[in-house]
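The values are calculated or read from the model by the stated rules, or taken from the named source; none is laboratory data. For clarity, every value in this text was computed on a predicted model and none was experimentally measured. Please note: Cβ atoms are built from the backbone with ideal geometry, for glycine as well, and neighbour counts cover all protein chains shown.
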Amino acid sequence: MSGAAISKLVSMRQAIAEHVPSGSTVLMGAALEHMIPFSAGHEIIRQGCRDLTLVGPISDMLFDQIIGAGCVSRVMAAWVGNASAGMGHCFRRAVEQSIPHAIETVDYTNFTMAMALHAGALGVPFMPTYAALGSDVLKSNANLREFASPVTDERLIAVRALRPDVAIIPVQRADASGNSHLWGNLGVAIDGARASRKVVVVAEEIVAPDVIASDPNRTLIPGFFVSAVVHEPWGAHPSPVAGYYGRDHAFFAGYHEQSRTEEDFRRWLETWVLKVSSRDEYVKHLGGPRMDALKVREHAYSAPADFGF
């Protein structure tokens, strides 16, 4: 492309307002327990989005919070909860008691979710797999169908492609056009970005294009996939970001205890989301000593790669 690159940098508020309207199907938590977009989820809650379909293999406690805030009508996931403690209390209240309202659940395994997004990324209608054969998952998910292989007559599962309206993907660094470097546990982030109609990148750092160009093999999300870039340091807290900060175990444990009842959850939501207008305020609320304790203590740099000829 000739001329100056187009900047896609926007605030989190603008990114959610423009790209996550009510009724959207939203992929979050694609990197499993690594780099979960909590700051984006909190902005979704503050903006009062409704009737969302949440898609993700495992969201740790982010889906639980968005469900408890009344933003969700359907969840397509392998599990919703808190890896430190167990099933999410808000999710359980919604399913068992319709609090704050009933939600539909579409059960996947982690692997069938990966296959669904891989099919979407490839632009094919389904992917075949042996996974989930003989399980009850097929009874609750019409997107998984058993069939006979036309080649061997073996029984297989056809996993229907998933194409979310928007994927919210945290990355370590990006340039203003959305070309993004990410590393560590990636889960289904790459296929998720390619399968989705829009991608919002949430970057710990914004760097010059030359930094991105210096390591093209690490540019796993190219800018032409990206609709918006948000610069949001600490945007994944309390989940970890490799090379930036660790997992805040105490925060996860605290949330689990503070969401056991609907009243307790409402108090937690007021404190950490509704009365916090931005991530900057959230970080101030965390406090410097807590953040310092989460910063990387033992660096593990990769060896430089020479791309010369």
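Looking only at segment 208-219, which residues are buried (at least 17 other Cβ atoms within 10 Å of the Cβ) and within 22 Å of the chain's Cα centre (by Cα)?
The first filter runs over segment 208-219 and keeps only residues buried (at least 17 other Cβ atoms within 10 Å of the Cβ), leaving 212, 219.
Once the filter is applied, which keeps residues that are buried (at least 17 other Cβ atoms within 10 Å of the Cβ) and within 22 Å of the chain's Cα centre (by Cα), segment 208-219 yields only Thr219.
Just for segment 159-168: of the residues that are among the aliphatic types (A, V, I, L, M) and in contact with a Gly (Cβ under 7 Å, 6 or more places away or on another chain), which one is surrounded by the fewest Cβ atoms within 10 Å (Cβ to Cβ)? Among those that are among the aliphatic types (A, V, I, L, M) and in contact with a Gly (Cβ under 7 Å, 6 or more places away or on another chain), it is Ala161. Of the set (1) surrounded by 20 or more Cβ atoms within 10 Å (Cβ to Cβ); (2) touching a helix residue (DSSP H, G or I) at 6+ places or on another chain (Cβ under 6 Å), all apply to Phe225 but (1). Across segment 118-155, the qualifying residues are those that are assigned to a strand (DSSP E or B) and either among the basic types (Lys, Arg) or in contact with a helix residue (DSSP H, G or I) (Cβ under 7 Å, 6 or more places away or on another chain) (or both), and the one among them that is farthest from Asp191 (Cα to Cα) is Arg155.
Count of segment 190-213 residues, restricted to those that are in contact with a Phe, Trp or Tyr (Cβ under 8 Å, 6 or more places away or on another chain) and over 20 Å from His42 (Cβ atoms), is 2. Selection of segment 85-106 for residues being of a type in the set (A, V, I, L, M, F, W, C), within 18 Å of Asp51 (Cα to Cα) and free of Cβ contacts under 8 Å to residues at least 12 places away in the same chain yields Val95, Ala102.
Yes/no matrix, rows are residues, columns are (1) within 18 Å of Ile66 (Cα to Cα); (2) outside any helix (DSSP H, G or I); (3) assigned by TED's automatic domain parsing to the domain that holds Phe91:
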{"site": "Arg247", "(1), (2), (3)": "no, yes, yes"}
{"site": "Ala250", "(1), (2), (3)": "no, no, yes"}
{"site": "Trp268", "(1), (2), (3)": "yes, no, yes"}
{"site": "Thr271", "(1), (2), (3)": "yes, no, yes"}
{"site": "Ser277", "(1), (2), (3)": "yes, yes, yes"}
{"site": "His285", "(1), (2), (3)": "no, no, yes"}
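Residues considered: Ala174, Ala167. Of these, the only one that is touching a helix residue (DSSP H, G or I) at 6+ places or on another chain (Cβ under 9 Å), closer than 20 Å to Asp60 by Cβ and modelled with pLDDT of 95 or more is Ala167.
Sub-9 Å Cβ pairs linking a first residue in segment 176-193 that is closer than 9 Å to Met35 by Cβ to a second residue that is assigned to a loop (DSSP other than H, G, I, E, B) and of a type in the set (D, E, K, R), at least 6 apart or interchain, are Asn185/Glu33; Gly187/Glu33, ordered by first then second residue.
Asp280 - would you say it is out of contact with any Asp or Glu (no Cβ under 9 Å at 6 or more places or on another chain) and either crowded, with 16+ Cβ neighbours inside 10 Å or charged (D, E, K, R) (or both)? Lay out the reasoning, then the answer.
Values: out of contact with any Asp or Glu (no Cβ under 9 Å at 6 or more places or on another chain): yes; either crowded, with 16+ Cβ neighbours inside 10 Å or charged (D, E, K, R) (or both): yes.
It is true that Asp280 is out of contact with any Asp or Glu (no Cβ under 9 Å at 6 or more places or on another chain) and either crowded, with 16+ Cβ neighbours inside 10 Å or charged (D, E, K, R) (or both).
Looking at Glu263, Glu204, just one residue is loosely packed, with under 13 Cβ neighbours inside 10 Å and either modelled with pLDDT of 95 or more or within 18 Å of the chain's Cα centre (by Cα) (or both), and that residue is Glu263.
Answer with yes or no whether Leu52 is within 9 Å of the chain's Cα centre (by Cα) and either surrounded by fewer than 24 Cβ atoms within 10 Å (Cβ to Cβ) or not aromatic (Phe, Trp, Tyr) (or both).
Details: within 9 Å of the chain's Cα centre (by Cα): no; either surrounded by fewer than 24 Cβ atoms within 10 Å (Cβ to Cβ) or not aromatic (Phe, Trp, Tyr) (or both): yes.
No; evaluated as a whole, the condition is false for this residue.
Within segment 177-211, restricting attention to residues that are touching a Gly at 6+ places or on another chain (Cβ under 9 Å) and in a loop (DSSP other than H, G, I, E, B), the residue that is farthest from Met76 (Cα to Cα) is Ser177.
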